[in-house]
1. Hey, what did the range B:150-284 get for relative contact order, percent, Cα under 8 Å, at least 6 apart?
2. In nm, what does the list of distances from residue C:212 to its counterparts in the other copies look like, shortest first, when each label sits 7 Å along Cα to Cβ?
3. At a threshold of 8 angstrom on Cα-Cα distance, excluding pairs fewer than six apart, so keeping six or more, what relative contact order does chain D reach in percent?
4. What is the diffusion coefficient of the range A:117-204 in µm²/s, taking the Kirkwood radius over Cα pairs and the Stokes-Einstein relation at 4 °C with a viscosity of 1.567 mPa s?
5. Please state the charge dipole magnitude for the range B:150-284, taken about the Cα centre, from unit charges on C-beta atoms (+1 on K and R, -1 on D and E), reported in debye and rounded to the nearest 20.
6. Considering only the label points, 7 Å along Cα→Cβ from Cα, what distances in nm to one decimal separate residue C:337 from the same position in each other copy, shortest first?
7. At q = 0.08, 0.09, 0.12 Å⁻¹, what is the base-10 log of I(q)/I(0) for chain B according to the Debye formula with one equal point scatterer per Cα and no solvent? Please give it to two decimals.
8. Taking every DSSP beta bridge with both residues inside chain C, roughly what % is antiparallel (nearest 5)?
Number of protein chains: 4
Amino acid sequence: MKRIGMLTSGGDCQALNAAMRGVVKCLSCSGEAVEIYGFLEGYKGLIYGDFRMLTGADFSGILTKGGTILGSSRTPFKLMREPDENGLDKVEAMKQNYYKLKLDCLVILGGNGTHKTANMLREEGLNVVTLPKTIDNDLWGTDMTFGFQSAVDIATDCIDCIHTTAASHGRIFIVEVMGHKVGWLTLNAGMAGGADIILIPEIPYDIDKIVEAIEGRAKRGSKFTIMAVAEGAISKADAKLSKKEYKEKMKNYQYPSVSYEIADEIQKKTGLDVRVTVPGHTQRGGSPCPYDRVFATRLGAEAGKMILNGEYGFMVGYKNREIVKVPLEEVAGKLKMVSPDATIVQEAKLTGISFGD
Amino acid sequence: MKRIGMLTSGGDCQALNAAMRGVVKCLSCSGEAVEIYGFLEGYKGLIYGDFRMLTGADFSGILTKGGTILGSSRTPFKLMREPDENGLDKVEAMKQNYYKLKLDCLVILGGNGTHKTANMLREEGLNVVTLPKTIDNDLWGTDMTFGFQSAVDIATDCIDCIHTTAASHGRIFIVEVMGHKVGWLTLNAGMAGGADIILIPEIPYDIDKIVEAIEGRAKRGSKFTIMAVAEGAISKADAKLSKKEYKEKMKNYQYPSVSYEIADEIQKKTGLDVRVTVPGHTQRGGSPCPYDRVFATRLGAEAGKMILNGEYGFMVGYKNREIVKVPLEEVAGKLKMVSPDATIVQEAKLTGISFGD
Amino acid sequence: MKRIGMLTSGGDCQALNAAMRGVVKCLSCSGEAVEIYGFLEGYKGLIYGDFRMLTGADFSGILTKGGTILGSSRTPFKLMREPDENGLDKVEAMKQNYYKLKLDCLVILGGNGTHKTANMLREEGLNVVTLPKTIDNDLWGTDMTFGFQSAVDIATDCIDCIHTTAASHGRIFIVEVMGHKVGWLTLNAGMAGGADIILIPEIPYDIDKIVEAIEGRAKRGSKFTIMAVAEGAISKADAKLSKKEYKEKMKNYQYPSVSYEIADEIQKKTGLDVRVTVPGHTQRGGSPCPYDRVFATRLGAEAGKMILNGEYGFMVGYKNREIVKVPLEEVAGKLKMVSPDATIVQEAKLTGISFGD
Amino acid sequence: MKRIGMLTSGGDCQALNAAMRGVVKCLSCSGEAVEIYGFLEGYKGLIYGDFRMLTGADFSGILTKGGTILGSSRTPFKLMREPDENGLDKVEAMKQNYYKLKLDCLVILGGNGTHKTANMLREEGLNVVTLPKTIDNDLWGTDMTFGFQSAVDIATDCIDCIHTTAASHGRIFIVEVMGHKVGWLTLNAGMAGGADIILIPEIPYDIDKIVEAIEGRAKRGSKFTIMAVAEGAISKADAKLSKKEYKEKMKNYQYPSVSYEIADEIQKKTGLDVRVTVPGHTQRGGSPCPYDRVFATRLGAEAGKMILNGEYGFMVGYKNREIVKVPLEEVAGKLKMVSPDATIVQEAKLTGISFGD
């Protein structure tokens, strides 16, 4: 008999349900008796003992369903170590609930912040298996995270729609793509959508190079320009600031996001009409794409197998097209960024895409 | 032999190409010799004599293509009557180009502003046939405009995506839907997306009623609320202001659109986390939906038939599921709004949707 | 207090769940106490007393879900009057269950066959309200049925996919579209997909006219031809046969459907490579399109209102863009077909589409 | 100055245009003068000297376009070595056209058959660079081929649609998936669509195991079963036949494809209602998915780079997430199949999917 706790933490994304279904299908098919405790709204459920007993039926038909049937919430890692407003020691509370329910292990689905906490729980002696969830694809130790390809699809759809309107009106259009502090999502959606300029955090931009690219296009007869701009895009000048200085600068910022500032600068320098579209949270919603469904199912199945084998302390990752076990201490606190020298970046440049550098 | 000028004016939308293809296919199949002059970038092309001769091949394969192969531009009706920066009389210039090219008629595709100018050209003695293009569906004299259903589809997709993330996080989400000063697009996308609250310009809202609806949902166990808010949504208080007063108020407005203001007010009154998503121009882009392709093709075919019959001065409209000829003077300058008493509004209310009134 | 029985009968389609949700939302919001008895698998559930009590929660989140949460089955009308294999009188059994459960009315969702039985139950004295469900759009008394537009979307997607491959290989492609004995679905999907030839049951075809159309295209430089063929398409010769003779002929038929026979004939007469694609049941599956969701919700709301008002014996239909009540006796047993003279057919022909007539 | 011949051969698929655009964008951006000779309809164009000069404009806007702007055709490798009906030596003709046009190299996009011929041309002394195109993903030397993921998406959509109708009617549904003699497409679409049973050529099936799986599901309360069956699926008995014996057996086959035979056997053994859906050629049509657009663009860019460097005789492949050069002699004539022991197969089995073995 295995008693498994399960939770989804951080921003939701596509294929969370598919991954949990994979775990539970694997456990159910193993012949071993299993009890699933689903903690609600991420770590909150584990802290306050808020859970539902789940059966196979709860996981039936959710392969294609976006979001998470367990709900999710964000709690910054720093705050995890601090007592709550009633003085409750959160880490201690999680441990107590774990032991009280006599759990064999926790299955935790989440991104970077979630993995820091998961690793802490491992250090505290709990059995933990994690699954790499994030549309940002910025988790260390895995080539791919689920949610990413689905988000690429949505962001690309958005660029496709903008393409026809940009072409019809001869305008410059910025599509602001999610991705937190990394450029994977913008790079892929930008290339898939045929963007002419792609700005990502890892390659700080020079506004004059952007203007040059736009004017170069105009000279070659292209009346419009599509820009895919990461929400974390940063100028060369700003990239030189300290974290604190940059934060200070941001405070005095008059626009809701960097894309508007870039649009403003281009408009001033070129006199051209620049529009901004921000698909925002739509990028993390909706039904997972087939790629993510297969991928999340595979990861879930392997997590189930690890649990049956009693292998704990790992994130189930993906390396060179094979599923791998990655020690949690190697994952926690690290960021997988786009290297400015990555072949995909070079290939994008070979096809004439400007990164504004 | 017929010599036809054609232009697309105003914001682009889906199925412009499909409609033009319908006109040209009809003319080409009629056996009569035809010359098509495609004026570029809307009325601009007609004013400055900027056109391309088009053949059947130009219209092949464009049924599914978004945007407009002729390009478009917006010129407010007021400015039409004013000379350009070089002193050129625009109306006179359009007439001269029309006569110089010995055109039999102009086929003009556009929305409200476009129809005012088209009617003026008719009054000036030109032969004009128009087609009702707008995602706003606000053109007088026709039950439906092409672009509308495609935009409903995109806005609904957006709400669908937001639904999974709102449900997972227990948040309030506002999706701001286009539609200019009318609520058709928001009403339909809101109902299709399962929005709990729908705000449209025709039914001014009371923020306290909105808060009531949200809190009512919470009491009945719903942790999240989806709001579809028209870009033209207006509060009861603001609706009482004169146009001038409202414009003045808008100037001092700190947010890029009304949705952010509404979000802010809800957050203050409820303490809940409210997020805003603005799909923006994506709503007018991309491939037309099958409904719009059929509809635009039908309108185009009937326009072609009218041209062959020498029937000018009409918009080709749609009434009670039949194609009809609507005199341009009846269309120009009028707005088709959602009646607050419309059955569709009543039906929405019957299913528990709040309009904040 | 209202006690409502509900069932879905016949082939499933999109927006059945949306329609039921509309009914139940309307009843729940009315303030009146309501009990919903969901009979499983169509009339079968009513005959054998197989039902589930449903609450508002059962209808939450199903707006976008394809299929029917109640299950469905087909029972030909003729068999309804015959006793089952255990000698049970089915009609009597349905009446007994209705009275035993003290139902105020039955809400029945279905197509043509379903409406015959619904009308019979009305004649037997039961209170019945029906909703027009079918991808075929062949129900008398309503301009539109839900499921239809969703099916058009899927069939059109299919033609779009075939278009690129047909163009690349210079082939003739037949896409066989559903629609039972009427051509609405094929006509609309064919026009939306840019089909060159459309064959529908209401306009029997002449194979030589089809060959003529294909060869005409080749002469004008088009290397490929797309045909949208209704599953009920029929040749002029076969259309002259009696029903019995036609059935007899079909028995000796070597192909699974008429499209293959047509393909074979074209191949023999032209020597060209002809391929057939049959999307089949995919056309009735998947998430309903936004149009159908709004439409089904509206119909459901009006059905709810009628129940609250005690108005029974009607199908909730749609005429000239308004929801109407249509007496069941007017609906049952009639078929709404495409008139060969309908304006939409004329418009299709104006744009050069051949109907093989 | 570089003179490049380009052709697409074999069955068309998604992202052929995207890949060619990648090559040409790379060459155009390199600064070197380039002439592009586009041979029409595959090797046919090269044999008969049928080509169009292509400029950058021809490749603009085709990133999202399905099919191939050059057209394609299939010519079995064996026939390549035989003279045509006029006695023309095809291989010699290709060489002569190559030299007459003073080409620096040929860029050839295709699958298995195409690569055999490409390798032969290399052996004959021509400079060749190839790109791996096929929805089957069966090319040796590369982890991935473009077209594959787009086909997975379409086949999965199809299974999704069937899912709702199967569940509503409690039926067994077979979706026949393409893939030629390998199971990649069926395996991935099956897992993504939540199929209960997946049959692929690499794992011959036993009809009794399939019946067992269906009846096991029924016992556990599942009224329906979804089967994803590869067009090349084969029974254990048939797998033991020699190629010749199997061909002979197929000739006497009464159904258009293996799925119908399997359906028939299940129906006989279980008495259940089994339906077959064959999406067919739709799987290779339509707009490429974002994954394929990025992937094809990357491959195209690297092909362009290789041409600029004068590196010939390679297929541009993908191994462990990096673009690699694979000698043509290693690719030609080999098939990349699914290993029955592959981890993805094991993972599918862990989640309860039956392969009928």
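Coordinate-derived values only; no laboratory data. Note that the coordinates shown come from a computational prediction; the quantities given were computed from them, not determined experimentally. Here the Cβ positions follow ideal geometry from the backbone for every residue, glycine too, while neighbour counts run over all protein chains shown.
1. Across the range B:150-284, relative contact order equals 35 percent.
2. 6.1, 6.5, 6.9
3. Relative contact order here is 24 percent.
4. D, rounded to a whole number, is 88 µm²/s.
5. 260
6. 4.7, 5.4, 7.1
7. -0.43, -0.54, -0.87
8. On the way: 11 of 44 bridges.
DSSP beta bridges in chain C are roughly 25 percent antiparallel.
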